[in-house]
Every structure is written in structure tokens, then in C-alpha cells.
Amino acid sequence: MSQTQRPNFGRRSILKYLSTIIVGIATLGLGFSFLGQHHPKSELLPANRTSRLPPNQRKVSELVGYSTGVIPQFNEMDWRLRIGGEVEKPLSMTWNEFLDLPKLIQKSDLHCVTGWSKLDNVWGGTLFRNVIALCGPRSDARFATFECEDGYSTSLPLKVLVDDDVMLVYELDGEELEPEHGRPLRLVVPKRYGYKSAKWIRAVKFTVEQELGYWEKLGYSNTADPWTEDRYSQYRP
Ligand SMILES: Nc1nc2c(c(=O)[nH]1)N[C@H]1C(S)=C(S)[C@@H](COP(=O)(O)O)O[C@H]1N2
Ligand SMILES: [Mo]
């Protein structure tokens, strides 16, 4: 049949068309009103969130600088970011090669599982998505493990890592990242507890199964959603 079917404009379908249009306009309107306030995407609160502060968190005025060990040195000349595991194109990037990735500045919040939250951190870096595009994870890769200079590690599903607010950053509030906050390179994952935001990253390994990171092995949640107070894992080693 080559003729295109004419829509049937019965009462029910007119109602359906009308409601689609109304929902469409309302969605656009909401979108534009948010844009008008210049909120980056990560600041938009889902309908069920009435506050920017997740339950049982308190605001602090500075990032606390939480770490489990000594703060590593950064030597620009011998620094490499290794990207491997289940990828088509393993990479070893120099510092300058990393800086050549598209740069983005974006504000977001960091919620430490111990109860402090630092709102409005202005991060400068690149979307994690840009790294994914470079190395081409194989079709069975579902997770990535971040391996850090201080021996720390954590991992996340790729479906979390492709989000608009997930970045590899080298600047905070317009300045080069301070050593205690991850200089030269850290991850920020605003929608997860802070222990997922790995500092001093040296390697990213794409995997089929999720590996347990430093805190996750000690019983902290592998999903780590601050809004549902998903602090501890069901499984205790
Ligand atoms: N390599 C590494 N990354 C890390 C940690 C760490 O000990 N080592 N601590 C995590 C925790 S528990 C939190 S809350 C945040 C804290 O970030 P900040 O030190 O910039 O405040 O970093 C995370 N990233
Ligand atoms: Mo933390």
C-alpha cells in the first residue's frame, strides 16, 4: 500500500492529540524556565527532591579533602592516563593530550557518605563520555574501574558514567585543582556519594563485571545514591 494513512480525527484521537500538544508545551515551558535561570543540567531537581541537600547531610563551606592515604605528587612529564580493559583502542595519554579534549565548566554538588555536602563546586574538565568515544568500549563492557595513584579505587556502571554531569576534572572554582582534591585529574559523579568521585586517577579499566573498590570492599554501597541514603551494601564481607 503506497498511500499514507490519514489520521482518524475522532473525538478520542483529537483529545489524544490535544493532550500530547499540551504536555509538549508544558515540558518546553518548564525547560525554558530552567534555562532562563542558567542552571546547568545537574542542578535540576527531580520532582521528588525538594531540597538540594540529600537526607541527613549537612552543608559545609569548603570541600573537606577526604582521603585514605598520602597525597600523591604530580610530575607532568611522566604522568600518563592509561585506558584499557574491554576496549577497542587502549590508550596511554600524556598530560597535554588530555588537556586537548573538549573543555567544559560545570557546577555540581559533592556529598560525602560521612555526612557533609559541599554545594556549588565549579569544575573544569571534560565529560567522561569524551574518553568513552576515544577508546571505544567493547559491546560486553558494562563498567569501569578507576585506579588511583594512592592505591584507591572505585567503579561505576557505564550507564552512570555517560551522564551529562560526570566529568574528569583538572580545575576547581577557576583554579588548577589543589593536590588534596585530586591534582592533576579526578572524577566527579555528582549523583553518587563522594567516594565514587575518584581523585588522582592514573588508569581507567573497562570491565564486563563490576569490580569492588576500596570503600565498597569495606561494606559501603556499590550504588551509593545519596537521595535514598544508600550508604551501606546489603552484603557485608
Ligand atoms: N584516590 C582517592 N580518591 C578519593 C578518595 C581517596 O581517599 N582517594 N576519597 C573519596 C571520598 S570518600 C570523598 S568524599 C571525596 C572527597 O573529595 P575532596 O577530597 O575533594 O573533598 O573524594 C573521594 N575520592
Ligand atoms: Mo567521602
Requested in this report: Answer with yes or no whether residue 210 is closer than 13 Å to residue 160 by Cβ, more than 16 Å from ligand 2 (Cβ to nearest atom) and open to solvent by 10 Å² or more (accessible area, probe 1.4 Å).
Outcome: yes
Query - Neighbours by Cβ (under 8 Å, 6+ apart or cross-chain): first from the range 215-228, under 18 Å from residue 161 (Cα atoms); second of a type in the set (Asp, Glu) and modelled with pLDDT of 95 or more - result: 221/230; 222/216; 223/230; 224/230
**Report entry** Total residues in the range 104-124, condition exposed (fewer than 15 other Cβ atoms within 10 Å of the Cβ) and either of a type outside the set (A, V, I, L, M) or within 14 Å of ligand 1 (Cβ to nearest atom) (or both)
**Finding:** 3
Requested in this report: Specify which of the listed residues (110, 63, 101, 119) is of a type in the set (A, V, I, L, M, F, W, C), in a loop (DSSP other than H, G, I, E, B) and within 16 Å of ligand 2 (Cβ to nearest atom).
Outcome: 63
Report task. Considering only the range 126-172, give the strands (runs of 3 or more DSSP E) lying wholly within it that have at least 3 residues that are more than 16 Å from ligand 2 (Cβ to nearest atom) and crowded, with 19+ Cβ neighbours inside 10 Å. Result -> 143-148, 167-172
Query raised in the report: In the range 61-96, how many residues are among the aliphatic types (A, V, I, L, M), more than 16 Å from ligand 1 (Cβ to nearest atom) and open to solvent by less than 40 Å² (accessible area, probe 1.4 Å)?
Result: 4
Query raised in the report: Of 136, 151, which residue is over 15 Å from the mean Cα position of the chain (by Cα), more than 16 Å from residue 52 (Cβ to Cβ), of a type outside the set (Asp, Glu) and within 13 Å of ligand 1 (Cβ to nearest atom)?
Result: 151
Report summary line: Counting only residues in the range 33-48 that are open to solvent by less than 60 Å² (accessible area, probe 1.4 Å) and part of a loop (DSSP other than H, G, I, E, B), the one modelled with the highest pLDDT is identified as 46
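In this structure, does residue 183 turn out to be surrounded by fewer than 21 Cβ atoms within 10 Å (Cβ to Cβ), more than 17 Å from residue 64 (Cα to Cα), touching a residue at least 60 places away in the same chain (Cβ under 8 Å) and within 13 Å of ligand 1 (Cβ to nearest atom)? Walk me through how you get there before you give the answer.
Values: surrounded by fewer than 21 Cβ atoms within 10 Å (Cβ to Cβ): yes; more than 17 Å from residue 64 (Cα to Cα): no; touching a residue at least 60 places away in the same chain (Cβ under 8 Å): yes; within 13 Å of ligand 1 (Cβ to nearest atom): yes.
Here the answer is no, as residue 183 does not meet what is asked.
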Requested in this report: Considering only the range 173-199, state which residues are of a type outside the set (Lys, Arg) and within 15 Å of ligand 2 (Cβ to nearest atom).
Outcome: 180, 181, 182, 187, 188, 189, 190, 193, 194, 195, 197, 198
Report task. Can you run down the residue pairs with Cβ atoms below 8 Å, 6 or more apart or on separate chains, where the first is in the range 138-158 and over 18 Å from residue 222 (Cα atoms) and of a type outside the set (Phe, Trp, Tyr) and the partner is assigned to a strand (DSSP E or B) and open to solvent by less than 30 Å² (accessible area, probe 1.4 Å)? Result -> 138/87; 138/206; 149/201
Report task. Mind telling me which of the residues 170, 195 ends up being closer than 16 Å to residue 95 by Cα and modelled with pLDDT of 95 or more? Result -> 170
Query raised in the report: Do you know which residues across the range 200-237 are aromatic (Phe, Trp, Tyr) and in a loop (DSSP other than H, G, I, E, B)?
Result: 200, 235
Query raised in the report: If we keep just the residues of the range 199-229 that are of a type in the set (Phe, Trp, Tyr) and within 15 Å of ligand 1 (Cβ to nearest atom), which is nearest to residue 147 (Cα to Cα)?
Result: 200
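Which residues, counting only those in the range 186-196, are open to solvent by 10 Å² or more (accessible area, probe 1.4 Å) and within 8 Å of ligand 1 (Cβ to nearest atom)? Spell out the reasoning first.
Of all residues in the range 186-196, those open to solvent by 10 Å² or more (accessible area, probe 1.4 Å) come to 186, 190-192, 194-195.
Matches in the range 186-196: 186, 194, 195.
The values are calculated or read from the model by the stated rules, or taken from the named source; none is laboratory data. Computed from a predicted structure; not experimentally measured. Here the Cβ is made from the backbone with ideal geometry for all residues, glycine too, and neighbour counts use every protein chain on show. In case anyone asks, the SASA skips ligands and DNA or RNA and just uses the protein heavy atoms, side chains included. Shrake-Rupley method; radii C 1.70, N 1.55, O 1.52, S 1.80 Å.
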